[in-house]
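J.: Before anything else, here's the structure in question.
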Amino acid sequence: MFEIFIVLSISYLLGSIPTGFLVAKKIKDVDLRELGSGSTGATNVLRNVGKLPALFVFIIDVFKGFLAVKIAYIFINQDLIAILSGLFAISGHIWPIWLKGKGGKAVATGLGMFLAISWQVGLGSLGIFLLILSISKVVSLSSIIAALGLPILMYLKVGTSNNTFMIISFVISFLVIWKHRTNIKRLIKGDEPKLNER
């Protein structure tokens with residue numbers, strides 16, 4: 001039980017590393033929470049800091065979710081604990097203790113989690129995201145559609161043989177969509193900015 005507590009605590013702390021916030025502070029001395037969408041994720045970094053910083057933030061945020069799951073598998077090696085570790089990392093990313101609970105939208109960290117659980121599902125989700133992004137140039141729409149596709153990809157991978165993986169795919173899908181609820185309102189109104197717009 002103590003090992004589980006330690007692994008989950010590490011996962012949350014990993015996820016809560018405010019990569020985007022720190023990068024924006026370092027490069028432009030701005031508080032990302034007060035700019036654009038208020039998110040500390042890579043998209044807000046792209047719009048307010050630059051392309052290379054945004055790419056760096058995206059990679060690190062993916063790695064946070066990936067590492068949390070891998071640590072769980074190394075020390076406990078149970079699917080349920082690995083999934084919980086990924087969920088704790090995502091929770092840390094969305095509600096970081098260091099920023100009074102105001103973080104990102106879980107897309108990159110969620111991708112890292114699923115790359116660690118099933119690289120096929122993770123890459124499939126990334127492929128959907130990139131395809132929709134190339135067509136629409138709208139990051140939020142691409143994230144939402146990728147999230148909707150996540151349970152389908154997981155079903156194609158595991159079928160009914162692993163209900164735990166199926167349940168978590170639905171949970172993460174819902175969480176990502178819920179975090180994009182203001183974006184959905186703007187999409188409906190036609191006000192959502194495209195990739196290089198503020």
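The values are calculated or read from the model by the stated rules, or taken from the named source; none is laboratory data. Keep in mind that what you see is a predicted model, and the values were worked out from it rather than measured. Reconstructed Cβ throughout: ideal geometry from the backbone, glycine too, with neighbour counts over all protein chains shown.
J.: Taking the range 44-83 as the region of interest, how many residues are of a type in the set (S, T, N, Q) and buried (at least 18 other Cβ atoms within 10 Å of the Cβ)?
T.: Quick first cut of the range 44-83, residues of a type in the set (S, T, N, Q) only: 44, 48, 77-78.
Then drop every residue that is not buried (at least 18 other Cβ atoms within 10 Å of the Cβ), which leaves 44, 48.
Residues in the range 44-83 being of a type in the set (S, T, N, Q) and buried (at least 18 other Cβ atoms within 10 Å of the Cβ): 2 in total.
J.: Residues of the range 55-97 being over 14 Å from the mean Cα position of the chain (by Cα) and small (Gly, Ala, Ser), which ones?
T.: Matches in the range 55-97: Ala72, Ala82.
J.: Among what's in the range 25-59 and is part of a loop (DSSP other than H, G, I, E, B) and of a type in the set (Val, Ile, Thr), pick the residue that is farthest from Lys105 (Cα to Cα).
T.: First, pick out the residues of the range 25-59 that are part of a loop (DSSP other than H, G, I, E, B): 29-31, 35-41, 49-50.
Then keep just the ones that are of a type in the set (Val, Ile, Thr); that gives 30, 40, 49.
Values: Val30: 19, Thr40: 8, Val49: 18 Å.
Checking each candidate, the answer is Val30.
J.: Determine if the range 70-85 includes at least one residue that is assigned to a helix (DSSP H, G or I), among the polar types (S, T, N, Q) and farther than 15 Å from Val23 by Cα.
T.: Narrowing the range 70-85 to residues assigned to a helix (DSSP H, G or I): 70-75, 79-85.
Right, trim to among the polar types (S, T, N, Q) and you get 85.
With the extra rule that they be farther than 15 Å from Val23 by Cα, the set shrinks to 85.
Yes: one or more hits.
J.: Another question about this same structure. List the pairs whose first member sits in the range 131-160 and is more than 24 Å from Pro193 (Cα to Cα), whose second member is outside any helix (DSSP H, G or I), and whose Cβ atoms are under 8 Å apart, counting only residues at least 6 apart or on separate chains?
T.: Cβ pairs passing all conditions: Met154/Ser118; Lys157/Ser118; Val158/Ser118.
J.: Additional query: Say whether the condition of being of a type outside the set (Asp, Glu) and within 25 Å of Asn183 (Cβ to Cβ) is met by at least one residue in the range 72-86. Please lay out each step first, then the result.
T.: First, the residues of the range 72-86 that are of a type outside the set (Asp, Glu): 72-78, 80-86.
From what is left, the residues that are within 25 Å of Asn183 (Cβ to Cβ) are 86.
Yes: the range 72-86 contains one or more residues that are of a type outside the set (Asp, Glu) and within 25 Å of Asn183 (Cβ to Cβ).
J.: Tally time: how many residues in the range 171-187 are assigned to a helix (DSSP H, G or I) and under 14 Å from the mean Cα position of the chain (by Cα)? Full working, then the answer.
T.: Of the residues in the range 171-187, the ones assigned to a helix (DSSP H, G or I) are 171-179, 181-187.
With the extra rule that they be under 14 Å from the mean Cα position of the chain (by Cα), the set shrinks to 171-179.
Here the count works out to 9.
J.: Answer with yes or no whether Ser125 is of a type outside the set (Asp, Glu), part of a helix (DSSP H, G or I) and surrounded by fewer than 24 Cβ atoms within 10 Å (Cβ to Cβ). Can you show your working first?
T.: On the way: of a type outside the set (Asp, Glu): yes; part of a helix (DSSP H, G or I): yes; surrounded by fewer than 24 Cβ atoms within 10 Å (Cβ to Cβ): no.
It is false that Ser125 is of a type outside the set (Asp, Glu), part of a helix (DSSP H, G or I) and surrounded by fewer than 24 Cβ atoms within 10 Å (Cβ to Cβ).
J.: Name the residue, out of Leu22, Leu14, that is within 20 Å of the chain's Cα centre (by Cα), in contact (Cβ under 8 Å) with a residue 24 or more places away in the chain and not in a loop (DSSP other than H, G, I, E, B).
T.: Details: Leu22 fails: in contact (Cβ under 8 Å) with a residue 24 or more places away in the chain.
Just one listed residue meets the conditions, Leu14.
J.: If a residue has to be assigned to a helix (DSSP H, G or I), more than 22 Å from Gly41 (Cβ to Cβ) and not aliphatic (A, V, I, L, M) to count, how many in the range 158-169 make the cut?
T.: Kept after step one, since they are assigned to a helix (DSSP H, G or I), are these residues of the range 158-169: 158, 163-169.
Filter once more, so that each one left must be more than 22 Å from Gly41 (Cβ to Cβ): 158, 163-167.
Retained after the next criterion (residues that are not aliphatic (A, V, I, L, M)): 163-165.
Number satisfying all stated conditions: 3.
J.: In this structure, is Lys194 of a type in the set (Lys, Arg) and in contact (Cβ under 8 Å) with a residue 24 or more places away in the chain?
T.: Yes, satisfied.
J.: Starting from residues that are among the small types (Gly, Ala, Ser) and surrounded by fewer than 19 Cβ atoms within 10 Å (Cβ to Cβ), keep the ones in the range 1-40 and report whichever is modelled with the lowest pLDDT. Let's see the steps before the verdict.
T.: Of all residues in the range 1-40, those among the small types (Gly, Ala, Ser) come to 9, 11, 15-16, 20, 24, 36-39.
Right, trim to surrounded by fewer than 19 Cβ atoms within 10 Å (Cβ to Cβ) and you get 9, 36, 38.
Working: Ser9: 95, Gly36: 79, Gly38: 82.
Once the filter is applied, the top-ranked residue is Gly36.
J.: Out of curiosity, is Phe88 farther than 27 Å from Pro193 by Cβ, surrounded by fewer than 21 Cβ atoms within 10 Å (Cβ to Cβ) and in contact (Cβ under 8 Å) with a residue 60 or more places away in the chain? Walk me through how you get there before you give the answer.
T.: Values: farther than 27 Å from Pro193 by Cβ: yes; surrounded by fewer than 21 Cβ atoms within 10 Å (Cβ to Cβ): no; in contact (Cβ under 8 Å) with a residue 60 or more places away in the chain: yes.
For Phe88, the condition - farther than 27 Å from Pro193 by Cβ, surrounded by fewer than 21 Cβ atoms within 10 Å (Cβ to Cβ) and in contact (Cβ under 8 Å) with a residue 60 or more places away in the chain - is not met.
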